[in-house]
Amino acid sequence: MQPRVNLGLAVALLAACTTARPPADAEPRPTADKGDAPMPEPAAAEDGRDPAAPVPADVASDEPLEPLALRCDGAALARALASRDLRALKTGGDGPSVRLLATWEAVRTFGDDDTLAAEAVDALVEALTAQLGRAPPRWWIDHLASARWGGDASQPLPYYDVQMTATGDRRGELVEGPGKTRVRPELLPVLAEGGGKLHVDLSAARVAIADLPENPGTVVEVARARAGSTLYVATYELGAGGFRFPLRAVTRDGQRWEATVCGPDRQVLGGVGYMIAELVVLEPTPDPDARPGVMRPSAGATGIAVFTGETHGVAVDVFDPATGERTLAWSSDLWFARP
């Protein structure tokens, strides 16, 4: 596939200063004279930005970018990135989120057939695996690789195929759970309802994880460390697209903390609204010498990763398991702020 260089990153990022999405009647690209062929785009710089693009005067060269990423502030981050060298941010930057974003923005290209370059996916997955200590879920990688860009100025965000079916999606089947929830089949045997609550049955106790959702079809995701007693619980509306949703850490004694997952951070709901999510507890690899059938307790969770994908964005948030603070955030399309 012959890669096609997109519009320079700085032009795109600068546009985000005024709006996260261009109007539907966006003006066509300027031409030299009426009736002439479109003016050729300037060659992109080695760092992926357009060398002819203006640099916003209000962006401080030493402004920390990691806090912007951890707030999932795509528009503000776009303004800041417009004046930075992506090559330097890929290896240095001021935090892991910025390094991942710079790695992605530097390689994100689409071919003549509007498909995302495989090299871009490989580069992002390699960097993310090194950061997390494990590879992202297979469905998430395939979802990212499904990106298609139509080249329409009124729709700057690519389309990602969720492979929605009557019974599930790209990740697999969804079944009806207690309280008319939707859950993955592996969760169903331990999930119960009672007293207006959802419960998870652990070997040592039954843990109330949430109030029964008011809306039928609410998706419930639960994860825990090996033999762990803390449950990490997320609930979201299946058809609401990639809007933000809560993540909670719960024990038999009650809730320890609650955080907000940015996910793709959809700003408007239009067209197909559908999101896939998976919670992954990051923890050291189990002892290979452990006896078969014996579950060794985890040495301790190092992070709670929430992988998300919807029709117009792919993202990952990572949270501190002790405090619920976001420690890493990455979005394929700058949290719905890509112009």
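Points worth noting:
- Here r is the Cβ-Cβ distance between K180 and D122 and R0 is 45 Å; the resulting FRET efficiency, rounded to 0.05, is 0.65.
- Distance distribution P(r), the stretch 168-331, all Cα-Cα pairs, bin width 5 angstrom from 0: 2, 9, 17, 20, 21, 16, 9, 4, 1, 0, 0 percent.
- Projected label distance in nm at R256 and A88, using a 7 Å step from Cα toward the beta-carbon: 4.0 nm
All of the numbers you see were taken from the coordinates with simple rules; none came from a lab. Source: prediction; values computed, not measured. Positions of Cβ are backbone-derived with ideal geometry, glycine not excepted, and every protein chain shown enters the neighbour counts.
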